[in-house]
Amino acid sequence: DTEVTQTPKHLVMGMTNKKSLKCEQHMGHRAMYWYKQKAKKPPELMFVYSYEKLSINESVPSRFSPECPNSSLLNLHLHALQPEDSALYLCASSQDATIQETQYFGPGTRLLVL
Amino acid sequence: GEDVEQSLFLSVREGDSSVINCTYTDSSSTYLYWYKQEPGAGLQLLTYIFSNMDMKQDQRLTVLLNKKDKHLSLRIADTQTGDSAIYFCAPRSGGYNKLIFGAGTRLAVHP
């Protein structure tokens with residue numbers, strides 16, 4: 001089973017709202033990732049967690065706050081977002097972040113910021 | 001920084017072969033991936049090739065790697081309408097598992 005699940009599928013929020021995106025995997029993977037994909041663009045890496053510790057932050061604004069409560073779960077907390085943050089947010093996982101392991105992606109959460 | 005280039009659009013007739021090309025700049029890429037994305041969906045891993053290989057075949061998919069020219073291609077045999085999607089080339093770079101995505105090639109399959 002190579003399934004990564006993400007909730008919610010769709011999210012609409014105002015610029016003053018606080019919301020969270022959730023990602024879950026039960027493959028025993030120890031690396032998890034957040035990507036942002038704007039329309040008609042490739043995915044862009046935001047964060048990498050390795051063994052529940054944040055290992056890469058690709059200069060993402062602080063209005064995006066990742067959290068990895070355990071090895072199966074990855075959250076992305078959103079606060080005071082801007083309309084240009086509207087995008088598809090993809091989660092991925094791999095066996096390990098430091099060796100050559102394949103990343104498996106979830107279906108994404110489509111976010112619209114009004 | 002690393003760069004990955006793909007042609008943006010490819011149109012083929014159903015039953016023909018499709019060839020999607022990709023060039024990259026990072027010669028240290030050891031694994032090179034192909035992902036498929038259907039409209040409104042996440043990324044589906046199609047196949048990958050290790051840099052010490054020239055070719056990998058997986059059912060209808062054939063991946064060719066020219067490491068000297070940093071050129072990667074994906075051939076889909078007997079292309080079907082269900083193959084219509086965006087295909088991303090993604091070499092892996094860096095000490096961490098960082099994928100560098102190309103812009104994606106939109107494959108349109110027509111009768």
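No value in this document is a laboratory result; all are computed from the given coordinates. Quick caveat: nothing in here was measured; it's all calculated off a predicted structure. No Cβ is skipped: glycine too gets one built from the backbone with ideal geometry, and neighbour counts run over all protein chains shown.
A Cβ-based charge dipole, computed about the Cα centre of chain A with Lys and Arg at +1 and Asp and Glu at -1, lands at about 480 debye.
For the segment A:22-35, counting C-beta atoms of other chains within 10 Å of every residue's C-beta and taking the mean gives 1. Couplings 3J(HN,Hα) of the stretch B:21-29, computed from phi: 9, 8, 10, 9, 10, 7, 6, 8, 4 Hz, in residue order, whole Hz [Karplus 6.51 cos²θ - 1.76 cosθ + 1.60, θ = phi - 60°; x for Gly and Pro].
The Cα-based radius of gyration of the stretch B:68-111, divided by its Kirkwood radius, gives an Rg/Rh of 1.08. Computed 3J(HN,Hα) for the stretch A:83-91, one whole-Hz value per residue from the Karplus formula 6.51 cos²θ - 1.76 cosθ + 1.60 where θ = phi - 60°, is x, 6, 7, 4, 5, 8, 9, 10, 10, glycine and proline marked x. Measure up A:LYS18/A:LYS38; A:LYS38/B:LYS98; A:LYS40/B:LYS56 against 25 Å on the Cα-Cα distance and list the ones that go over. From A:LYS18/A:LYS38; A:LYS38/B:LYS98; A:LYS40/B:LYS56, over 25 Å: A:LYS40/B:LYS56. Note on chain A: Rg/Rh from Cα positions, Kirkwood definition for Rh, rounded to two decimals, is 0.95.
Database note for the protein assembly as shown: Cys without another Cys beta carbon under 4.7 angstrom, A:CYS68. Each Lys and Arg contributes +1 and each Asp and Glu -1, all at the Cβ; summed about the Cα centre of chain B, the dipole is approximately 180 debye. When the trypsin sites (Lys or Arg not before Pro) in the stretch B:16-76 are filtered for DSSP coil states and for at most 11 other beta-carbon atoms within 10 Å of their beta-carbon, the remaining sites are B:LYS68.
Binning all Cα-Cα separations of chain B at 5 Å, short to long from zero, yields these whole-percent fractions: 2, 13, 24, 25, 20, 10, 5, 1, 0. For chain A, the residue among A:THR5, A:LEU76, A:VAL48 whose Cα projects farthest onto the positive side of the dipole built from Cβ charges is A:LEU76.
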